[in-house]
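I have placed the structure first, in the form of structure tokens, so that the comments after it can refer back to it.
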Amino acid sequence: MKNISSILFGAFCLTATLFAFNSCENKNCKEDNISLPNSQKSHNMGQNCMQCHKSGGEGEGCFNVAGTAYDANETNTLTSGKIDFYTDTMGSGNLKYTVYIDGKGNFYTTADMSIDGLYPVITGPTGSKSYMSTSISTGQCNSCHGVSTSKIWSN
């Protein structure tokens, strides 16, 4: 009887520890954090947002798509606009998602979305559009843009 009690107590402790660990690690992933037009709450323009906004990270919410948009000279961030995600090139096919650029030039979302294989189109404040000619495989836009490829830009 003593062995069964010890085993049950051990199993309870292990279960409680695993539950506490998982709920703490993924707590930030349950937070909604979506960029809004004119919002000024974002930060770290040009950096890979998903370094912090990930499971176990320090950021508020786990982003599925995030990045920074710049003007045509790639020097100043845009203060408005949007990123649309289409099923085919040059804004053709079906529009699947839209993420708005905030007042600091960042766009981000914790919304549940699958962007693999989609084609982004950026619309700047003048209505001008810039197209990504290849489909994306990650929502970590600043992990390539501004590092190994040109920054995301529009007019």
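Just so you know, all these numbers are worked out from the coordinates, no wet-lab data involved. Everything numeric here is computed off the predicted structure, so don't read it as measured data. For neighbour counting, all protein chains shown are included, and Cβ atoms are generated from backbone atoms with ideal geometry for every residue, glycine included.
Data overview
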{"quantity": "Some residue of region 82-100 being of a type in the set (S, T, N, Q), touching a residue at least 24 places away in the same chain (Cβ under 8 Å) and over 30 Å from LYS30 (Cβ atoms)", "calculated": "yes"}
{"quantity": "Region 120-152: number of residues that are touching a strand residue (DSSP E or B) at 6+ places or on another chain (Cβ under 6 Å) and assigned to a loop (DSSP other than H, G, I, E, B)", "calculated": "4"}
{"quantity": "Test: residue in region 52-66 that is crowded, with 17+ Cβ neighbours inside 10 Å, of a type in the set (Phe, Trp, Tyr) and under 14 Å from GLY139 (Cα atoms)", "calculated": "yes"}
{"quantity": "THR87 of a type in the set (Ser, Thr, Tyr), touching a strand residue (DSSP E or B) at 6+ places or on another chain (Cβ under 9 Å) and farther than 18 Å from GLY46 by Cβ", "calculated": "yes"}
{"quantity": "Evaluation of THR68 against (1) out of contact with any Leu (no Cβ under 9 Å at 6 or more places or on another chain); (2) of a type in the set (Ser, Thr, Tyr); (3) not in a loop (DSSP other than H, G, I, E, B) (one fails), failing number", "calculated": "(1)"}
{"quantity": "Residues that are assigned to a strand (DSSP E or B) and within 11 Å of GLY67 (Cα to Cα), drawn from region 101-119", "calculated": "ASN106, PHE107, TYR108, THR109"}
